[in-house]
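Working notes for the structure below.
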Amino acid sequence: MTTPDDRPFSETDDDLRDSGTDWSAGSATGTATGSASGTGTDTTATEPLVAEDVAVDFRTRWEVIQQGFVDDPRSSVSEADKLVDDLLKRVSLSFQQQHQGLEKQWNDGEPSTEDLRAALQKYRAFFQRLLAM
């Protein structure tokens, strides 16, 4: 079986199977050890879910909530719920933006088979990152 660019399917399948991306089970964001396309860093795989300054803010808010538990447990749990909701919204927005970026890479114009192969590799890294959460 051949692909549209006349390479045997097994060659392109290997390209898609081994992008050099290492997804550690304990990692919240995944760590890319190589590029999905082989031509540079795949920012989809390595981009933090939230910016470091935002993460510091979330951690600070968590510490305040945790410290307040002794004096007002119900309020602390309510605030923890709000904090988690805020974080989920932030992460969801981040993934939506990354998804839109991926879509723009292949949906504009008439991409070549190589562009589509690279796009599929990036989708795979993004997909694996979503599953690793």
Log entry, pairs with first residue in segment 47-69 being more than 20 Å from Q96 (Cα to Cα), second being hydroxyl-bearing (S, T, Y) and assigned to a helix (DSSP H, G or I), beta carbons closer than 7 Å, six or more apart or on different chains, reads I65/S76; G68/S75; G68/S76; F69/S76
When the residues of segment 70-86 are narrowed to those that are touching a helix residue (DSSP H, G or I) at 6+ places or on another chain (Cβ under 6 Å) and of a type in the set (A, V, I, L, M), which ends up farthest from R129 (Cα to Cα)? A80
How about segment 1-93: which helices (runs of 4 or more DSSP H) wholly inside it have at least 2 residues that are among the β-branched types (V, I, T) and at pLDDT below 90? 43-46
I need a count of the residues in segment 81-133 that are surrounded by fewer than 15 Cβ atoms within 10 Å (Cβ to Cβ) and charged (D, E, K, R). 11
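The values are calculated or read from the model by the stated rules, or taken from the named source; none is laboratory data. Given the structure is predicted, the values throughout are model-derived calculations rather than measurements. Ideal geometry is used to build each Cβ from the backbone, glycine not excepted, and the neighbour counts take in all protein chains shown.
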